[in-house]
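Please treat every number below as a calculation from the coordinates, not as lab data. Fair warning: this is a prediction, and the values are worked out from it, not measured in the lab. Virtual Cβ from ideal backbone geometry, glycine too; neighbours counted across all protein chains shown.
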Amino acid sequence: ARENQADSAILLKTAQTYDKSGLESQAVEYWQRLAHISKSAEAKERLTAYYLKGGKAEDALAHLLPLVEKEPSSPRLLKRLGQIYASLARLPEALAYFERYISLKPEDKEVLRQVIDIHAVLGNTPGGMALGRSLRLEPLPDLENLARGAALYEARGELREAIALYDQILAVTPDDPEILAKRAKVLLANGNEDEASAMWGHLARREKLLEVLEVLFRMEPGNTTVLKKLAGMYLDRGELAKSLEIFARLEALGVRTPEVLAGQALACEGLGRSAKALALYEQLLDGADATGGFRLRCVQLAGGLGLLRKTQSHLARLQEKFPELYASPQTQLRIAKALNAAAAQGAAREYYTGILAQDQVGDELTMAAFLGLSENYRQNGLPYEAEQVLRQAYLRYPRDGAVLGRLFALALQEKHFAEAWVWLERLAQQDSNVARQGAGAARMIGPLAQEVSDPRLLWARLLAAEGATGDAVKLARQVVRELPETTENKLLLARLLLADGQYGAAAEVAGPVSGQGGKPEAGLLLLRIYRAQGKSGAEKALVQRILTESAHDQGLVLDLLQAMAEEGLIAELCERADLAGRQYPESVAIRSLAASAREANGEVGPAIELWQGIVRDFPEQEFAVVRLAHLLFHHGRFAEARAVAERFPQGTLRPDMILLKARILWAEHEWEKSVAMYDGFLQPSVADSIAVLARERKVPLPQPEEPGVWTRLTVAESARQTVIDGLMTPTAVLEPGERAMALNRMAVPFYAQYRWQKQLALEKTARQAVIRREYLAAANYFKKLLREYPAEASLQFDLAGIYSRFGQLGHEAALYEDIRAAGGEFPGLTEARERNELKRQPRVALGYGYLREEGREGYKAIRKSWEGASLQYSPYLQHDVAVDLARLDYQDPGGTGKIRGNRAFVSYAANINEQLLLRGGAGAELLENSQPDTALVELAAEGRLGDRLTGILSYGRDVKHDTLASLGRNIVQQDYRADLVVDMVPSVQAGGGYLYTDFSDNNTMKGYDVWAAYLLFLDPAFLKFCYTYDFKDTVSGRGDGVLLADGFGASDHPYWTPMNYWQNRFSLYFRHQLSDDQFRRGVPRYYDLEYAVVYDEMGYAMQTW
């Protein structure tokens, strides 16, 4: 049917049929026609649904509005119409229809929430609040609706209503951090401090405060109350970086209350930003420092930064304004530490000794003073005084492991490994006692107990120091696995792995520790590992990270420099310390590190300039004065060094300065005055002082033991153990019992003086030996000095001169290299080095020799002549090579027999160290006319067996050339020899040897010799007398048999075979030196003569010239 003729009933039926058949598009056409001609409600609803489904809300409205006009109270139509307007963002119209709907259906909470939201968007808070109240009064309210209602109240300013809604929400969800934060925000806005404080306390008790504060911070990042609370919470929890970030926000907002300044200062201290902390505390000094605590912190921080002048200024004000606080022993200890860190060592020692002099001081404070005073001495270059203080602490607190740990560390630092083992064994014994008996077995006083590491880790450190790095790594791995994980233990293991060459394993251990931040030691250790692995890219990135992390504060810069010094990164330390010294010129600590770095790097000139600047700006800086004086001396500037040393008052002159003065006088050839300076310090002797004290206290001293024969022969008198030496050993200090304690109380206060007197006495003895021209004895004394005490350039220079006299050019050159590497520069050093180098140049010599031996009933019958050439050179220091070539001519003195040949021999000698010399050589003697050839061998080892004893083991293989027959029969002689040489007294030397010889014709010979030499006169007119007794005995003497063509029987030995033979030899040796230089470093200029008389058991007398 057509549209203009169709009946409404037909259109309705058709539309319904299409709908049922699912033909929606065809049905819509008929619904539209029906709505147009009849205004059918069904048609309009169907069209509305269709248009809404297709997203055509405007078209849907055209059909829905007429329906609402017909049924204005229909909840279904009102809700539908409100939703359509809301989807079209036409909120006022949507709100009107939703409100009409809510009046008819108030239980529909979903629509109610929509109405509240529309009110909030439109700013209609009164309407929203009214609805909020209705939500609050519901028996089971919707929490989201309550939150929306509370937000509306808050926006309107009705804060009490908002708080009430938040309280209702919290009754259901008491731990919701968002709601807690919103409630706190409203309380803060309402200005109700009491209720806010109560809420903070409630949250803190329930451990919800931090979470709530973090939410509040996100809500209101500029709320100062929240920022202060949050910064304090982070600070209390140790989250210092977060705390400092919040304090920085408060600083940017201008909040500088005392509470904020103090908190920010604490956070800065914890992060190593000492300079910023100091500046903050200084802001608190006016008005907020009622007790003096902030002023004391300024003293400590300024000292830690090396700001000596600022430390002294704050200290003066503390003493002036807070005398009671200043006088407290606890304060005195903090002041001492600050002054020590600021390099005012003398002033710091006065505070430490003042604390120790007080009777009413607790054990913990007393122990801290002992350890602080010891560290003061150690840092100031006085290790003997440092050990004396530690020994005194041990006598007072024998069960305290911290003291033993420090004693071990000091012995390890000084490379006194035997002593370190003694201290470590006692520490390990105490540790085992603790394990068996509980914590009461050994007293660890306060925090000092934390210094005591597991003794097994100390054992590992000692093994590594002795060179057994593999064993050290195995032990450390085992112990670290057993102990709780700590940064210190991991770093120790990584260092041991690095020392053992296990770079990959070291990086695996150090890498994670380095990434954790904190102190720079881990990063610097990882840097060393990367460098050993050759990872330049990783090394550069790590360096950049470390420098960036340390650039924020002077305190961080100082920590980095100190860590570089501990890790031995000298080149990096030189560069960074120079920059820091220019940036922070008031820090004596930074400038001292820069000077020490230059000194360690061998840059003596720049180091002197830096130390001079420190002494000029900080004249009370004791260590700088000492270092400057030593460097000036080592650089040959003796007058300047003496002037610097004179800065110390005569009565308080340090022992090392007395020693330096004596060395200056010696270097200036004021030898008598130098020895007098030594003598002045050596009187009275420690032995005499202790003897007097023992008589006063009626304490018997141990009786000295008489030295045995071997000791008398092999140990110099000055090196023999005395009663006082025994009292000063670590074993004596650890000895239990009342008598041992009485002896220790007498001996320990003299320990430092005893050690200095031992050193000065030995040095004086060496000097006197040089004056008396007893060079062999002097060399032994100097070598002992350099073994037992730190390398001293002036001693090395003198010993090099003695080596020059002995012709030991390799030893001499090695000492010159050591002096140059340390930056030493003495008058004459350059010339001496040049002369030594000249003497060690490759040398070629040509020679001719002639030898004639006849006698022994024809068993000595040879006339030998040779023309030879030799080459000698030193490929390396302490290594010498010699090549000898010769053309040989052997003849029978009484006949016409002749044998010609050639001989070549190459030898190599190497000084492994001061104690061991190895020699080896090989060659051949090639005879002509089908005569047999012989391989030649020489091996020897020479080593020091004691202060006075030298041992030599040797082996030689050579031709036996007593007769032409021994050459023709190719008789080969192999000598096995052992010799001992004893330097009995400076003018007497003795020795002996044993010989075993094996001949290739099944014959052997044994023998021995003893000899003694006495120096009648010393240089320049040197005269020595020597006596030798020589004994030899051959197993087979002369044989018989058919006489052969060579003139000897077939079973005979064609060479001299002494049987039960002895001889005495007396000789005089004279050498006249043409220059009177004690050390004779130049080209040798002398002439010499020797005369000897030999008398043997056969009655023969022989003379040689």
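Could you rank the peptides 295-304, 921-930 by their average count of other C-beta atoms within 10 Å per residue, with the highest value first?
Those peptides, ordered most packed to least, come out 295-304, 921-930.
Express in whole angstrom the spacing between the alpha-carbon centres of segment 791-814 and segment 603-651.
27
Could you give the nm distance between label points at Ala1021 and Ser930, where each point is 7 Å from its Cα heading toward the beta carbon?
Those two pseudo-labels are separated by 6.3 nm.
Would you mind checking which residues have amide H under 5 Å from Gly828's amide H? H placed 1.01 Å from N; only 5 or more apart, or other chain.
For Gly828, no residues qualify.
Report the calculated FRET efficiency for Glu110 and Gln283 (r = Cβ-Cβ distance, R0 = 41 Å), to the nearest 0.05. Kindly include the intermediate steps, with their values, before the conclusion.
Numbers: r = 58 Å, r/R0 = 1.42.
The formula returns an efficiency of 0.10 here.
Whose amide H sits under 5 Å from the amide H of Asn1003, counting only residues 5 or more places off or on another chain, with H placed in the peptide plane?
Excluding prolines and chain starts, which carry no amide H, there are no hits.
How charged is the neighbourhood of Asp962? Take every other residue with its Cβ under 10 Å from the Cβ of Asp962, and add Lys/Arg as +1 and Asp/Glu as -1. Working shown, then result.
Values: positive: Arg856, Lys860, Lys960; negative: Glu853.
Net charge in that neighbourhood comes out at +2.
In what sequence do Ser596, Ser587 fall when counting other Cβ within 10 Å, fewest first? Write out the running numbers ahead of the final one.
Working: Ser596 21, Ser587 26.
Neighbour counts put them in this order, fewest first: Ser596, Ser587.
From the backbone phi of segment 529-543, what are the Karplus-calculated ³J(HN,Hα) couplings (6.51 cos²θ - 1.76 cosθ + 1.60, θ = phi - 60°) in whole Hz, Gly and Pro given as x?
Working through the residues one at a time gives 5, 4, 5, 5, 7, x, 8, 5, x, 5, 4, 5, 4, 5, 4 Hz.
Can you run phi through the Karplus equation (6.51, -1.76, 1.60; θ = phi - 60°) for segment 367-375 and list ³J(HN,Hα) in whole Hz, with x for Gly and Pro?
Whole-Hz 3J(HN,Hα) from phi for segment 367-375: 5, 4, 5, 4, 5, x, 5, 4, 5.
For the pair Ile771/Ala791, report the inter-label distance in nm, with labels modelled 7 Å from Cα in the Cβ direction.
3.0
Please label the shape of segment 610-695 as rounded, prolate or oblate, based on the square roots a ≥ b ≥ c of the eigenvalues of the alpha-carbon gyration tensor (a/c under 1.5 means rounded; beyond that, a/b larger than b/c means prolate, else oblate). Numbers along the way, then the final one.
Details: a/c = 3.43, a/b = 1.58, b/c = 2.16.
It is oblate, given that a/c is not under 1.5 and a/b is not larger than b/c.
Would you mind checking the pairs Lys415/Lys783; Lys321/Lys519; Lys960/Lys1006 and listing those with alpha carbons more than 26 angstrom apart? Present the calculation step by step, with values, prior to reporting the outcome.
On the way: Lys415/Lys783 17 Å; Lys321/Lys519 36 Å; Lys960/Lys1006 16 Å.
Where the Cα-Cα span goes over 26 Å, the pairs concerned are Lys321/Lys519.
Please arrange Arg183, Arg887, Arg160, Arg249 by how many other C-beta atoms lie within 10 Å of their C-beta, fewest to most. Mind dumping the intermediate values first?
Values: Arg183 22, Arg887 13, Arg160 10, Arg249 16.
By the 10 Å Cβ count, ascending: Arg160, Arg887, Arg249, Arg183.
Below 8 Å, C-alpha to C-alpha, sequence gap of six or more: please give me the relative contact order for segment 842-1104 in percent.
Details: 664 pairs, mean separation 25.9, N = 263.
Averaging sequence separation for qualifying contacts and normalising by length gives 10 percent for segment 842-1104.
Could you put Leu404, Leu1018, Leu365 in order, starting from the residue whose Cβ has the fewest other Cβ atoms within 10 Å? Write out the running numbers ahead of the final one.
Details: Leu404 30, Leu1018 15, Leu365 18.
Ascending Cβ contact count within 10 Å gives the list Leu1018, Leu365, Leu404.
Calculate, in nm to one decimal, what Ser689 and Val937 gain on full extension: separation in residues at 0.36 nm each, minus their alpha carbon distance. Display every interim value, and only then the final one.
Values: separation 248, 0.36 × 248 = 89.28 nm, distance 5.94 nm.
Residue separation times 0.36 nm, minus the Cα-Cα distance, leaves 83.3 nm.
Over segment 849-970, what is the relative contact order in percent, taking alpha-carbon pairs closer than 8 angstrom and at least six residues apart?
Details: 281 pairs, mean separation 22.7, N = 122.
In percent, rounded to a whole number, it is 19.
Hey, got a sec? Which trypsin sites (Lys or Arg not before Pro) in segment 359-407 land in a DSSP loop and have at most 12 other Cβ atoms within 10 Å? Present the calculation step by step, with values, prior to reporting the outcome.
Numbers: sites: Arg378, Arg391, Arg396, Arg399, Arg406; in loops: Arg399.
Within segment 359-407, no trypsin sites (Lys or Arg not before Pro) qualify (loop, at most 12 other Cβ atoms within 10 Å).
Can you work out ³J(HN,Hα) from phi for every residue in segment 789-800, in order, using Karplus 6.51 cos²θ - 1.76 cosθ + 1.60 and θ = phi - 60°, giving whole Hz and x for Gly and Pro?
10, x, 4, 10, 4, 5, 5, 4, 5, 5, 5, 4
Please compute the length gained on full extension between Arg739 and Val883, using 0.36 nm multiplied by the number of residues separating them and subtracting their Cα-Cα distance. Spell out each step's value before the answer.
Details: separation 144, 0.36 × 144 = 51.84 nm, distance 6.59 nm.
Contour length minus the Cα-Cα distance gives 45.2 nm.
Mind giving me the FRET efficiency for Ala327 and Glu668? R0 is 41 Å, r the Cβ-Cβ distance, nearest 0.05 is fine. Write down the numbers at each step before the final one.
Values: r = 49 Å, r/R0 = 1.20.
Once rounded, the FRET efficiency stands at 0.25.
Multiplying the sequence separation of Glu485 and Gln721 by 0.36 nm and subtracting their Cα-Cα distance, what value in nm do you get?
Values: separation 236, 0.36 × 236 = 84.96 nm, distance 4.59 nm.
Extending this stretch completely gives an extra 80.4 nm.
Normalising by the residue count of segment 535-662, find the relative contact order in percent from Cα pairs under 8 Å and 6+ residues apart.
Working: 102 pairs, mean separation 16.4, N = 128.
It comes to 13 percent, rounded to a whole number.
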